[in-house]
1. For helix 3-22, report the angle its Cα long axis makes with the longest principal axis of the Cα atoms of the chain; keep it between 0 and 90° and round to the nearest 10°.
2. Averaged per residue, what accessible area in Å² does the chain show with a 1.4 Å probe, protein chains only?
3. What percentage of the solvent-accessible surface of the chain, computed with a 1.4 Å probe over protein heavy atoms, is contributed by carbon and sulfur atoms?
4. At R0 = 22 Å, how high is the FRET efficiency between Lys61 and Lys8 if r is their beta carbon distance? Nearest 0.05 is fine.
5. Count the lysine pairs in the chain whose Cα atoms sit under 19 Å apart, keeping only pairs 8 or more residues apart in sequence or on different chains.
6. Run the numbers for Glu29 and Arg48: contour at 0.36 nm per residue of separation, minus the present Cα-Cα distance, in nm.
7. With everything on Cα atoms, drop me the angle between helix 53-62 and the longest principal axis of the chain, reported from 0 to 90° to the nearest 10.
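The values are calculated or read from the model by the stated rules, or taken from the named source; none is laboratory data. Small disclaimer: the values here were computed from a predicted structure and weren't measured. Don't worry about glycine lacking a Cβ; one is built from the backbone with ideal geometry, like all the others, and counts go over all protein chains shown. Calculation scope for accessible area: heavy atoms of the full protein, side chains included, ligands and nucleic acids excluded. Shrake-Rupley method; radii C 1.70, N 1.55, O 1.52, S 1.80 Å.
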Amino acid sequence: MKVNDEKKNAVIGARIMQRRKLLGMKQSELAELIGVSDNQISNIENGRSYPKLNSFMLICKACLLYTSDA
């Protein structure tokens, strides 16, 4: 993974985490809503991985985010 990709993942993950927390949602709750593991949500929020497009769209929907916000 390139350095720019890692930074982009970290920024997107941080925004997802911020929104999830603002909504009072646990990682496990978000994971259940979109059909992935708690560990996958943790990895996304910490910038260690990036979700597949379908999962990303479900995260945005669950967190009431527009893709331009993430």
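1. That helix lies at roughly 20 degrees to the long axis.
2. Per-residue accessible area for the chain comes out at 67 Å².
3. 52 percent
4. Here the calculated transfer efficiency is 0.60.
5. Counting lysine pairs in the chain gives 6.
6. Answer, rounded to one decimal: 4.9 nm.
7. With both axes taken from Cα atoms, the answer is about 40 degrees.
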